1. Mind ranking 114-125, 129-140 by how tightly packed they are, going by the mean number of other C-beta atoms within 10 angstrom, highest first?
2. How would you classify region 56-142 from its alpha-carbon gyration tensor, with a ≥ b ≥ c the square roots of the eigenvalues: rounded for a/c under 1.5, else prolate if a/b is greater than b/c, otherwise oblate?
3. How do 100, 68 rank when sorted from fewest to most other Cβ atoms within 10 Å of their own Cβ?
4. If every alpha-carbon in region 43-202 counts as one equal scatterer, what log10 I(q)/I(0) does Debye give at q = 0.12, 0.14 1/Å?
5. Sorted by average packing, counted as other Cβ atoms within 10 angstrom per residue and highest first, what order do 160-167, 58-65 take?
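Laboratory data are not the source of any read-out in this text; all were calculated from the coordinates shown. This is a predicted model, so every value here is computed, not measured. Every residue, glycine among them, receives a Cβ derived from its backbone with ideal geometry; neighbour counts consider all protein chains shown.
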């Protein structure tokens, strides 16, 4: 009985090691590092789109996070997202609240498209999942802004401010997720051959 338990435990440990090795080979880690650097660099080119909410900054770094999700998978996409936001903590103007929210919203945005893409590739499957991702990401952004960013950044008046700019937040996240999706599709179409070649090697 004890031997069976021991063999079962060893099998489970071997399986876990196999999964880790599959996701984090030297080649995959090198590709992920490149995408972390690209997404971090682009994240610094942020700008407001509404004068009333200058703290809502738009950037296109999630294009690279979504692309790595398509290329390597959702786990790698999440890892790139987290590492990018950890780098952004350096010199953060929001005491880390903005970066925390970005982690939640970005992960919720990329997971569905990148998971579906692993099983069914092509624009016919990518486009519907991106539409759903825009809705999911925008919804998560509203929740995290209401209960994380605004309370941490604005204190006691967070609820009133949130209510006053609610529709601007909705519009901002709609613009952000849609623009990232469109840019990703444009890059996807141009880079699909390259991505497929790399994917076969990793």
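1. Packing order, densest peptide first, comes out as 129-140, 114-125.
2. Since a/c reaches 1.5 and a/b is larger than b/c, the shape of region 56-142 is classed as prolate.
3. Fewest to most other Cβ atoms nearby, the residues stand as 100, 68.
4. Log-scaled intensity ratios, in q order: -0.52, -0.69.
5. The most tightly packed comes first, giving 58-65, 160-167.
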